[in-house]
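One structure below.
The values are calculated or read from the model by the stated rules, or taken from the named source; none is laboratory data. Quick caveat, the model's predicted, so the values are computed rather than measured. Cβ coordinates were reconstructed from backbone atoms using ideal geometry, including for glycine residues, and neighbour counts include every protein chain displayed. The protein model used for the area step is the full one, side chains on, heavy atoms only, and it has no ligands, DNA or RNA in it. Shrake-Rupley method; radii C 1.70, N 1.55, O 1.52, S 1.80 Å.
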Amino acid sequence: MDRPEVGELVTTSAALDMLGPAYTWRTPVLADGDISGGELRGNLYLQGRGDPKLVAERLWLLMRRIKALGIDTVLGTMDVSDSFFTGPRRPEAWEPHHFDTWYGAEISALSYNDNTFALNVSAAEKPGAPPVISVIPDVGYVRVINRARTVKGRRNGLGATLHANTTTVTVTGRVGVESGSRAWLLPVRNPPMYFRAALLTAL
């Protein structure tokens, strides 16, 4: 068994002291307007309360809660809020080079998938063609600019660069047809909007 890090022990101890062992994270779902025939003639609101485990499986459970309200279609808008946390999304002591790392993802009361996404780049079948890029989870939130090329052999000189304050990533370099693939785990910007995109995709 791996030994816990000191930081993990301190965080766990503080959480138990402040929240107690029986604390349960909740993400309230609210609606205004009338619900008739599966239609919400109003708006849907989601209030983040800091749940750290909102991943794909939990998102489907949240979607089932919305369906249980009798809602199949929202005629208004879907608003999300992370105002439950009032501090900055990044500690002031963080250096800028942390911002493009998975462990430097922004803090938010409404998060999805640890506020990260995986970027996988695979060589095309023939040299000269752009490589195949996939985003996981693909919820239409991340924009990819593909400036890389597939070349002969096993060369793998790929790079992935996040644009400042956006969720656009540019892939550059060369990947050999015999080199397989390369993957990165990267942070998203504006976590509540990432969550909103994921929920809309699920719905």
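Scanning segment 118-128 for residues that are of a type outside the set (S, T, N, Q), at pLDDT below 90, open to solvent by 70 Å² or more (accessible area, probe 1.4 Å) and more than 14 Å from the chain's Cα centre (by Cα) turns up nothing.
Of all residues in segment 188-201, those satisfying the criterion of being surrounded by 14 or more Cβ atoms within 10 Å (Cβ to Cβ) and either among the hydrophobic types (A, V, I, L, M, F, W, C) or under 11 Å from LEU119 (Cβ atoms) (or both) are VAL188, MET193, PHE195, ALA197, ALA198, LEU199. Go through segment 78-106 and give me each residue that's over 23 Å from ALA202 (Cβ atoms) and in contact with a Phe, Trp or Tyr (Cβ under 8 Å, 6 or more places away or on another chain). If the condition is that a residue be over 23 Å from ALA202 (Cβ atoms) and in contact with a Phe, Trp or Tyr (Cβ under 8 Å, 6 or more places away or on another chain), then ARG90, GLY104 are the ones that fit. Return yes or no: is VAL135 hydrophobic (A, V, I, L, M, F, W, C), open to solvent by less than 40 Å² (accessible area, probe 1.4 Å), in contact (Cβ under 8 Å) with a residue 24 or more places away in the chain and out of contact with any helix residue (DSSP H, G or I) (no Cβ under 6 Å at 6 or more places or on another chain)? Spelling it out, it is not the case that VAL135 is hydrophobic (A, V, I, L, M, F, W, C), open to solvent by less than 40 Å² (accessible area, probe 1.4 Å), in contact (Cβ under 8 Å) with a residue 24 or more places away in the chain and out of contact with any helix residue (DSSP H, G or I) (no Cβ under 6 Å at 6 or more places or on another chain).
Does VAL175 fit the bill of being within 29 Å of GLY50 (Cα to Cα) and crowded, with 16+ Cβ neighbours inside 10 Å? It is false that VAL175 is within 29 Å of GLY50 (Cα to Cα) and crowded, with 16+ Cβ neighbours inside 10 Å. Residues of segment 53-92 that are modelled with pLDDT under 90, open to solvent by 80 Å² or more (accessible area, probe 1.4 Å) and of a type outside the set (D, E, K, R): TRP60, LEU61, ALA68, LEU69, THR86, PRO88.
Would you call ASP34 of a type in the set (Asp, Glu), in contact with a strand residue (DSSP E or B) (Cβ under 9 Å, 6 or more places away or on another chain), open to solvent by 90 Å² or more (accessible area, probe 1.4 Å) and at pLDDT 90 or above?
Numbers: of a type in the set (Asp, Glu): yes; in contact with a strand residue (DSSP E or B) (Cβ under 9 Å, 6 or more places away or on another chain): yes; open to solvent by 90 Å² or more (accessible area, probe 1.4 Å): yes; at pLDDT 90 or above: yes.
Answer is yes for this residue.
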